[in-house]
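Just below is one structure, and these are the notes that go with it.
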Amino acid sequence: MRMRSLFRAALPILFVLSLFLPTFSPAPAAAQESVKPVLTVGIAGFDQIKQKVGYLGKLANNPALAESLELILTSKTDVLDSLDRKRPAGVIVLPDPITLIGGYIFLPVSDFDAFTKSLESAGVTVEPLDGQETVFQISHPDKGMSLFLTQKGNWAYLAISPTAFALVADEPDKLVGDLGDYTMAVQLLMKNLPEPLKNMLIGQVEVGLTLGLEQESDESDEQYALRVQAAENSVKQLKRFVNELETMMIGFQLNEKNETAYFDFRAEAVSGTGLAKQWNLQKDGPSKFAGFYLPEAILTGNVQAALDDESIEQFKNNMLLGVGQFNEGIDSNEELSEEQKEKAKAFVGKTVDLWIGTIETGKVDLGLAVQSGSSPKSLSLIAGAKVADGAGFDKQFREIIEVAQQEKNGLNLEVKFDASKYGDIQFHQIIVPIPEEPAELRAALDEKLTILVGTASEAVYLAAGADAQTRLEIAIARSKEMADESVLSSRFSLAVVSLLQNAAQIVQKPEVKQSLAMSLAFLAQAGAEDRVVVTTQSIPDGTLQRIEMQKGLLRVLGTLATMGQMFGAAGN
């Protein structure tokens, strides 16, 4: 009899999974029909997974990767031979009136007898349960654990208790949804979660927050009240989420045609609820800063979103809580005089009030880009954001700079108010000298950093680095040209290799520098196709966020898989 070490390694995983699927009490047939899953996990058939692995191997110059994977699996166990390689497998979690949560694992079998024999050849015992011919107990002589197995149609079901089989579905693959778009998908079906479970979930969070809400000895009444308010808002948001969310899904797909891989995060609320109305506000639409989204930049992003009253209140409370924490930190700073402390708190308070005024308009609109060249010296940051009171921000900025110049604090800033103008935007210029030490930092960034701060009636702008003003003006002009175009509610793009390359030239700690060098050596194979793109788009009563990786990063994944294959072969 051949050794079946791979299956022995996998068997404990099945047991661990089953620990999360407690015993079901038997249910009448009528009740079975009404029990719906609260969580499902679907995994595509082996042939599809093999195809995806083969694509990764091709990218990593290892076209035999998929065949090697199958060879490793079939050399250690016959289980794969008894499964239908085209149908999915998965986990179904169901509510139960006694144990609250239960469920089962399902596998697509082409030959159930062969499947049970393959389990036995892997070193476990498969025996019929007393008095039952269709239910089997699986046990390992050394592990002291048991699972139960049964067949229904062309499916095999595994559970921690045989009573779970009273509720298995005839076609469990239909419960995990359409996997056509995904290799693996996890669905949370909050609409099927019974009220006792919902209340238990909320209650546990409330208890946890209550235990941590005692006022600290050095905490002011105002700060404590803000913290209590933040906790209450968190519970309120959780209740809204639990009671109004209908479904949530996380799906992964490797798309050979588009040469990308992506994770989707999809959520839908019960129609007509506050959560649904909030998500329905996040529609594609125009942005005054669409021109700041530059696909070729190291990092770029653009957000245009509407806020409902509850979101506005949440933002305000979080900002006020942050101000309170800042003020506490300032008060405890023994290096500052009382006058300096009061000035710092006043400046932060006024600035936050200005941002709160913007949030209260119910609209967020901003854009940014970090553009690169051959070195950090050629880096630039440009950003723009909608504000409710541009004149107020301008006044606040002038006051802060004037105080900073009076205090100095070792900074020899070169400041020029009203240095230039572009359309209705007034720019102020700040030149910050880069310290001579560490010398590597000055070599990377040059001797001076130029910063521009611009204000208009309903906008603020920031630019820093090489050709900052030129690049900012180009983005502003482009935004005006795109003013009537509809864009996603949010979109961000990051070039991973380029970002790490610039970071490696700036960081000073040897251990960090070494880690970055090792990462870059491994990621170099990604080439220019090294982007991660994150987008959010509106769907009816919901939202869909996608995190997408370009072909170069998939090549890196293929290399990782190849390395795993080599280690696996060495271990055998």
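What the table shows:
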item: Close pairs from region 125-136: first closer than 14 Å to Thr163 by Cβ, partner part of a loop (DSSP other than H, G, I, E, B) and among the hydrophobic types (A, V, I, L, M, F, W, C), Cβ under 6 Å, at least 6 apart; result: Val135/Leu129
item: Options Leu158, Leu83: the member that is touching a residue at least 60 places away in the same chain (Cβ under 8 Å), aliphatic (A, V, I, L, M) and buried (at least 20 other Cβ atoms within 10 Å of the Cβ); result: Leu158
item: Inter-residue pairs, beta-carbon under 9 Å, first closer than 14 Å to Ala346 by Cα and of a type in the set (S, T, N, Q) and in region 314-327, second at pLDDT below 85 and not in a helix (DSSP H, G or I), 6+ apart; result: Asn327/Ser220
item: Members of region 469-478 that are under 10 Å from Phe427 (Cβ atoms) and under 32 Å from the mean Cα position of the chain (by Cα); result: Leu472
item: Residue match in region 63-79 (condition: at pLDDT 90 or above and charged (D, E, K, R)); result: no
item: Looking only at region 242-286, and only at residues there that are open to solvent by 50 Å² or more (accessible area, probe 1.4 Å) and hydrophobic (A, V, I, L, M, F, W, C), the one that is farthest from the chain's Cα centre (by Cα); result: Val270
item: Among residues of region 535-567, those that are in a helix (DSSP H, G or I) and either more than 30 Å from Pro63 (Cα to Cα) or touching a Pro at 6+ places or on another chain (Cβ under 6 Å) (or both), counted; result: 0
item: Of all residues in region 502-517 being under 25 Å from the mean Cα position of the chain (by Cα) and open to solvent by 40 Å² or more (accessible area, probe 1.4 Å), the one that is farthest from Lys377 (Cα to Cα); result: Ser515
item: Residue within region 354-364 that is open to solvent by 20 Å² or more (accessible area, probe 1.4 Å), closer than 21 Å to Lys448 by Cα and touching an Asp or Glu at 6+ places or on another chain (Cβ under 9 Å) present; result: no
item: Residue list for region 458-485, restricted to those being in contact with a strand residue (DSSP E or B) (Cβ under 8 Å, 6 or more places away or on another chain), at pLDDT below 95 and more than 30 Å from Ala526 (Cβ to Cβ); result: Gln469
item: Residue list for region 525-534, filter: touching a helix residue (DSSP H, G or I) at 6+ places or on another chain (Cβ under 9 Å), open to solvent by less than 50 Å² (accessible area, probe 1.4 Å) and not in a loop (DSSP other than H, G, I, E, B); result: Ala526, Arg531, Val532
item: Failed criterion for Ala444 (all others in (1) open to solvent by 50 Å² or more (accessible area, probe 1.4 Å); (2) modelled with pLDDT under 85; (3) in contact with a helix residue (DSSP H, G or I) (Cβ under 8 Å, 6 or more places away or on another chain) hold); result: (1)
item: Any hit, region 413-432, residues being free of Cβ contacts under 8 Å to residues at least 12 places away in the same chain and either open to solvent by 40 Å² or more (accessible area, probe 1.4 Å) or acidic (Asp, Glu) (or both); result: yes
item: Glu481 within 24 Å of Pro376 (Cβ to Cβ) and over 32 Å from the mean Cα position of the chain (by Cα); result: no
item: Selection from region 355-378 of residues that are assigned to a helix (DSSP H, G or I) and within 30 Å of the chain's Cα centre (by Cα); result: Trp355, Ile356, Gly357, Thr358, Ile359, Pro376
item: Identity of the residue in region 300-351, outside any helix (DSSP H, G or I) and open to solvent by 40 Å² or more (accessible area, probe 1.4 Å), that ends up nearest to Glu216 (Cα to Cα); result: Ser332
item: Search result, residues across region 421-444 that are over 18 Å from Arg471 (Cα atoms) and of a type in the set (A, V, I, L, M, F, W, C); result: Val432, Ile434, Ala439, Leu441, Ala443, Ala444
item: Hits in region 287-296 (condition: more than 21 Å from the chain's Cα centre (by Cα) and either at pLDDT 95 or above or assigned to a strand (DSSP E or B) (or both)); result: Ser287, Lys288, Phe289, Ala290, Gly291, Phe292, Leu294
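The values are calculated or read from the model by the stated rules, or taken from the named source; none is laboratory data. The shown structure was predicted, so the numbers you read here are calculated from the model rather than taken from an experiment. For neighbour counting, all protein chains shown are included, and Cβ atoms are generated from backbone atoms with ideal geometry for every residue, glycine included. Surface areas here come from the heavy atoms of the whole protein model, side chains and all, with no ligands, DNA or RNA. Shrake-Rupley method; radii C 1.70, N 1.55, O 1.52, S 1.80 Å.
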